[in-house]
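> Got a structure for you, questions after.
The values are calculated or read from the model by the stated rules, or taken from the named source; none is laboratory data. All values derive from a computational prediction rather than experimental measurement. Ideal geometry is used to build each Cβ from the backbone, glycine not excepted, and the neighbour counts take in all protein chains shown.
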Amino acid sequence: MLQGSSRYKSYAGIIITIVIAFVSILMGTMFFSASMNQERISKSKVALSSNVPLQGFYDSCAPEKGSICYDRLKQMANAGFTLVLNYDQFSGNAEQQLAYANQAAQLNMKIIWAMNSHAFWDGTDLRHHYQALATTCDCSTNQGFLHYFVDLVKALPATWGYYVGDEVSPKDHDKVKEFADTLKHLDPSHPRLLVAGVSTIGSVTSNLAPFTDAADVLGADYYPVGSTYMSLGATGDIANAMQLIANQAHKPSAMVLQSFDWSQYPNEEWRCSPFPLCTHFPTKDEMCQMLILALNNAHPQILLWYSYQDILSSNDPSDHFQDVSDVIRTCK
């Protein structure tokens, strides 16, 4: 019995040793596999981050307001935004324009000079329309005014390029193109951006495709939150349709996403019912979904949010701005 017992103990020891060795090998394999998976995840995050476009805001702040506009630029820059497109850009004289651009440059921000007003191509006297800026122009024609302004800003570190079209009707193509061609001649080194207003895939084609010869960067805006006739889930399809048009034209693309409440636009009551109770400011999750869908279905060079001025006039400016800031930092 003692000899048999020893033999059994010996066998048991061997079995235990084998089991321990097997478990060690298994655990090592699992650890190695987990490490490799983590490495792949990390590499994926790095690759995704490198593909995220420059992001910025539409704003409306007249440079003649000075520090008010500078503070807005600082808030955007501190939140991680690097582009600004200011609808009120031309409300200020040359000195105020340069001061605004200097502030942007100090914050490492770029300006997309807002030259999207119909006044630039519908025959309006630009010297009269932009009197503050025209005081130092020493020009007598619209062509002279354009030459003066482009010379003023084209060498500035803050200049990204020019906004030549904002939801323009295709019937105005020829006038917009003539104006855009003039800008290209005056400054061939900076791009011209045009953004089409879209609500369906079909409208991407009808509203953007006619302008592929009038801009260097082609974009679309899509604002589905709070609109019965537009789906947030269709953001990816819209982005994809926009990207296809840009690809066919061999040009980079741009996307504009929603950071406003349709109730801030009383004339848009047709979007849902009962208006304005049926609308709301996009939540952080909704903005995140829009961003992900856009980036998964297009590769825009720039991505803009509309708009900073609407955030400031909303019912909760601080929280809404924080939501957009969180989205561009973490929702990728």
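> Got a number for residues in segment 245-266 being surrounded by 19 or more Cβ atoms within 10 Å (Cβ to Cβ) and under 12 Å from HIS299 (Cβ atoms)?
5
> Please indicate, with yes or no, whether at least one residue in segment 272-289 is within 22 Å of GLU167 (Cα to Cα), at pLDDT 95 or above and out of contact with any Gly (no Cβ under 9 Å at 6 or more places or on another chain).
Within segment 272-289, one or more residues are within 22 Å of GLU167 (Cα to Cα), at pLDDT 95 or above and out of contact with any Gly (no Cβ under 9 Å at 6 or more places or on another chain).
> Give me the residue from segment 157-176 that is of a type in the set (Ser, Thr, Tyr) and in contact with a Lys or Arg (Cβ under 9 Å, 6 or more places away or on another chain) and, out of that set, farthest from ASP221 (Cα to Cα).
Per the stated criteria, the residue is THR159.
> Which numbered condition trips up THR124, out of (1) surrounded by 19 or more Cβ atoms within 10 Å (Cβ to Cβ); (2) free of Cβ contacts under 8 Å to residues at least 40 places away in the same chain?
Exception for THR124: condition (1).
> Answer yes or no as to whether ASP71 is acidic (Asp, Glu) and closer than 26 Å to PHE179 by Cα.
On the way: acidic (Asp, Glu): yes; closer than 26 Å to PHE179 by Cα: no.
No, not satisfied.
> Among (1) in a loop (DSSP other than H, G, I, E, B); (2) touching a residue at least 40 places away in the same chain (Cβ under 8 Å); (3) aliphatic (A, V, I, L, M), which single condition is MET287 missing?
(1)
> Any chance you could count how many residues in segment 83-102 are part of a helix (DSSP H, G or I) and touching a helix residue (DSSP H, G or I) at 6+ places or on another chain (Cβ under 8 Å)?
Step one: of segment 83-102, the residues part of a helix (DSSP H, G or I) are 94-102.
Still in the list and also touching a helix residue (DSSP H, G or I) at 6+ places or on another chain (Cβ under 8 Å): 94, 96-101.
Final tally of qualifying residues: 7.
> Report yes if ILE302 is under 12 Å from the mean Cα position of the chain (by Cα), in the same structural domain as ILE68 (by TED's automatic domain parsing) and β-branched (Val, Ile, Thr), otherwise no.
On the way: under 12 Å from the mean Cα position of the chain (by Cα): yes; in the same structural domain as ILE68 (by TED's automatic domain parsing): yes; β-branched (Val, Ile, Thr): yes.
So ILE302 passes the test.
> Those residues that are within 17 Å of PHE81 (Cβ to Cβ) and either assigned to a helix (DSSP H, G or I) or in contact with a Ser or Thr (Cβ under 7 Å, 6 or more places away or on another chain) (or both), I need them from segment 297-314; list them, please.
Answer for segment 297-314, where residues must be within 17 Å of PHE81 (Cβ to Cβ) and either assigned to a helix (DSSP H, G or I) or in contact with a Ser or Thr (Cβ under 7 Å, 6 or more places away or on another chain) (or both): PRO300, GLN301, TRP305, TYR306, SER307, TYR308, GLN309, ASP310, ILE311, LEU312.
> Give me the strands (runs of 3 or more DSSP E) completely within segment 113-222, filtered to those with at least 1 residues that are acidic (Asp, Glu), ordered by residue number.
Working: elements: 159-166, 192-197, 217-221.
Where strands (runs of 3 or more DSSP E) fall fully within segment 113-222 and carry at least 1 residues being acidic (Asp, Glu), they are 159-166, 217-221.
> While we're on this one: Give me the residue from segment 231-244 that is in contact (Cβ under 8 Å) with a residue 24 or more places away in the chain and surrounded by fewer than 21 Cβ atoms within 10 Å (Cβ to Cβ) and, out of that set, nearest to GLN301 (Cα to Cα).
Of all residues in segment 231-244, those in contact (Cβ under 8 Å) with a residue 24 or more places away in the chain come to 232-243.
After this cut, where a residue has to be surrounded by fewer than 21 Cβ atoms within 10 Å (Cβ to Cβ) as well, the list is 232-234, 236-237, 240.
Working: LEU232: 22, GLY233: 22, ALA234: 20, GLY236: 16, ASP237: 18, ASN240: 14 Å.
The residue in question is ASN240.
> Can you tell me which residue within segment 157-172, out of those that are of a type in the set (D, E, K, R) and more than 22 Å from the chain's Cα centre (by Cα), is surrounded by the fewest Cβ atoms within 10 Å (Cβ to Cβ)?
Taking segment 157-172 and keeping what is of a type in the set (D, E, K, R), we get 166-167, 171-172.
Checking which are more than 22 Å from the chain's Cα centre (by Cα) leaves us with 171-172.
Numbers: LYS171: 8, ASP172: 16.
Applying the filter and picking the extreme gives LYS171.
> From the list LYS175, LYS154, pick out the single residue that is surrounded by fewer than 20 Cβ atoms within 10 Å (Cβ to Cβ) and in contact (Cβ under 8 Å) with a residue 40 or more places away in the chain. Outline the logic, then answer.
Working: LYS154 fails: in contact (Cβ under 8 Å) with a residue 40 or more places away in the chain.
Going through LYS175, LYS154 in turn, just one is surrounded by fewer than 20 Cβ atoms within 10 Å (Cβ to Cβ) and in contact (Cβ under 8 Å) with a residue 40 or more places away in the chain: LYS175.
> Also: Could you give every pair whose Cβ atoms fall below 7 Å, whose first residue belongs to segment 75-103 and is in the same structural domain as SER318 (by TED's automatic domain parsing), and whose second residue is at pLDDT below 95 and of a type outside the set (A, V, I, L, M, F, W, C), counting only separations of at least 6 or pairs across chains?
GLY80/ARG329
> Mind checking whether some residue in segment 178-189 is in contact (Cβ under 8 Å) with a residue 40 or more places away in the chain and either closer than 22 Å to CYS272 by Cα or β-branched (Val, Ile, Thr) (or both)? Working first, answer last.
Step one: of segment 178-189, the residues in contact (Cβ under 8 Å) with a residue 40 or more places away in the chain are 178-179, 183, 186.
Okay, now just the ones that are also either closer than 22 Å to CYS272 by Cα or β-branched (Val, Ile, Thr) (or both), so none.
No - not one qualifying residue is present in segment 178-189.
> Can you find a residue that is touching a residue at least 24 places away in the same chain (Cβ under 8 Å), within 31 Å of the chain's Cα centre (by Cα) and on the phi < 0 side of the Ramachandran plot anywhere in segment 134-142? If you could, list the steps in order and put the result at the bottom.
Taking segment 134-142 first, the residues touching a residue at least 24 places away in the same chain (Cβ under 8 Å) are 135-136.
This time we only want the ones that are within 31 Å of the chain's Cα centre (by Cα), so: none.
Checked segment 134-142: no residue is touching a residue at least 24 places away in the same chain (Cβ under 8 Å), within 31 Å of the chain's Cα centre (by Cα) and on the phi < 0 side of the Ramachandran plot.
> Taking SER189, is it in the same structural domain as PRO252 (by TED's automatic domain parsing), within 28 Å of ALA105 (Cβ to Cβ) and surrounded by fewer than 19 Cβ atoms within 10 Å (Cβ to Cβ)? Write out each step before concluding.
Working: in the same structural domain as PRO252 (by TED's automatic domain parsing): yes; within 28 Å of ALA105 (Cβ to Cβ): yes; surrounded by fewer than 19 Cβ atoms within 10 Å (Cβ to Cβ): yes.
When the stated conditions are applied, SER189 passes them.
> While we're on this one: Take the residues of segment 104-121 that are of a type in the set (A, V, I, L, M) and touching a residue at least 24 places away in the same chain (Cβ under 8 Å): which is surrounded by the fewest Cβ atoms within 10 Å (Cβ to Cβ)?
Here is the first cut: in segment 104-121, the residues of a type in the set (A, V, I, L, M) are 104-105, 107, 109, 111-112, 114-115, 119.
Next, only the ones that are touching a residue at least 24 places away in the same chain (Cβ under 8 Å) stay: 104-105, 107, 109, 111-112, 114-115.
Working: ALA104: 26, ALA105: 15, LEU107: 19, MET109: 22, ILE111: 26, ILE112: 26, ALA114: 22, MET115: 24.
The selected residue is ALA105.
> Sort out which residues of segment 295-309 are out of contact with any Pro (no Cβ under 7 Å at 6 or more places or on another chain) and either free of Cβ contacts under 8 Å to residues at least 12 places away in the same chain or crowded, with 23+ Cβ neighbours inside 10 Å (or both), and write them in order of number. Give the derivation first.
Within segment 295-309, the subset out of contact with any Pro (no Cβ under 7 Å at 6 or more places or on another chain) is 295-299, 304-309.
Listed by number, the residues that qualify are ALA298, LEU304, TRP305, TYR308.
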